[in-house]
Amino acid sequence: MDRWDRALAGGRPLVLDAGLATGLEAYGHDLSGGLWSARLLAEAPQEIRRVHRDHLRAGADVVIAAGYQASIPALVARGRTRAGATRLLALSVELAAAERDAFGSGLVAAGVGPYGAFLADGSEYTGDYGTDEEELYAWHRERWEVLADSGADLIACETVPSAAEARALARLLEETPGARAWISFSCRDGRRIADGTALRALAAELAPLHVSGRLVAVGVNCVPPRLVPELLGEIAAAGVPAVAYPNSGEVWDPVGRRWGGTSDPEGFGRAAVSWVRAGAVLVGGCCRTGPEHVRSVRAHLDREFRVH
């Protein structure tokens, strides 16, 4: 029985971490530029460990390694050799695993961002790439192979905006013996992912990979919390376990280049209970969430889903 099986055998929903970049920014790091938080893999790896530590201490069962923006093409484009880029990818998992081991429990998910994260033009929220499934499969393959061999407990495919990209990632998962992953989508509303594909139909298409034990969940991340219940209903209708880690509920103003609205950790934790009741087996936070959100989710889930 591997760590994932043991975690599920505990009989309670699992808590994901919060926004890694949000935590790094809270410690004063400027993450502007195409590599975003991945830049600190080389420049300040101890700070990435620090944020993982914060999330584990707040109650996270799963921490997502800093691979979202760390694709090999992105790293090579910024001066790394292919060997150096590969080393940084592996390091992202090693940093999370080191904190997990120091803490004494938890799971590590290797982070895989979408092709749009490499483009760094916001297209992870539209899926408007101009690439097909074969191109996306080829683009993801090199990083996937590194992370599948990294010792991570899971692979987290995050903010996926297009059906073609989901299918490419599903093919890689199917071809990787022993690997487990989740695929979570960016969405345009309560029923469709960012490129307009119906989430229910896509979850049903991916369901055989869950039956085989490879795909642990289908879900959503970096969406407004208000959309999560309806989106989880679409996934539940396909008969697949869900993962949900929305943003804080604040809204980005691209003109003023600032966040607006309010972030309420207490309300976030209450909402997480409803996400679990709607079929989520993993719940946490994405952009603009921090340890206080993790702590609130942990407390609310522990009260509502006590295991005797």
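No value in this document is a laboratory result; all are computed from the given coordinates. Predicted model, so just to flag it, every value in this text is computed and none were measured. Cβ atoms come from the backbone with ideal geometry, glycine included; neighbour counts cover every protein chain shown.
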*asked:* Percent of Cα-Cα pairs more than 20 Å apart in segment 141-226, please.
replied: 31 percent
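For an R0 of 30 angstrom, estimate the FRET efficiency from the Cβ-Cβ distance between Asp2 and Phe305 and round to the nearest 0.05.
0.85
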*Kindly provide the helix-only [θ] at 222 nm of the chain, computed as the sum of -39,500 (n - 2.57) over DSSP H runs of four or more divided by all residues, to the nearest 500 deg cm²/dmol?*
-14000 deg cm²/dmol
*When only Cα pairs under 8 Å and 6 or more residues apart are kept, what is the percent relative contact order across the chain?*
19 percent
*Label-zone membership for segment 54-98, site Glu25, 7 angstrom Cα→C-beta point, backbone N under 17 Å*: 68-69
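Quick one: dipole size for the chain, taken about the Cα centre, charges +1 on Lys/Arg Cβ and -1 on Asp/Glu Cβ, in debye to the nearest 20.
Using only the charged Cβ atoms, the result is roughly 660 debye.
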*asked:* Tell me the net charge near Gly23. Cut-off is 15 Å between Cβ atoms, Gly23 excluded, with +1 for each Lys or Arg and -1 for each Asp or Glu.
replied: 0
_Rule-of-thumb Rg ratio for segment 3-304 [Cα; 2.2 N^0.38 Å; N residues]_ = 0.90
*Computed over segment 1-76: relative contact order in percent, which uses C-alpha pairs under 8 Å that are six or more apart*: 39 percent
*Could you please report the charge total around Asp302, scoring K, R as +1 and D, E as -1 over all other residues with beta-carbon less than 14 angstrom from its beta-carbon?*
+4
*Efficiency by 1/(1 + (r/R0)^6): what FRET value for Ala83 and Asp128, r their Cβ-Cβ distance, R0 = 45 Å, to the nearest 0.05?*
0.85
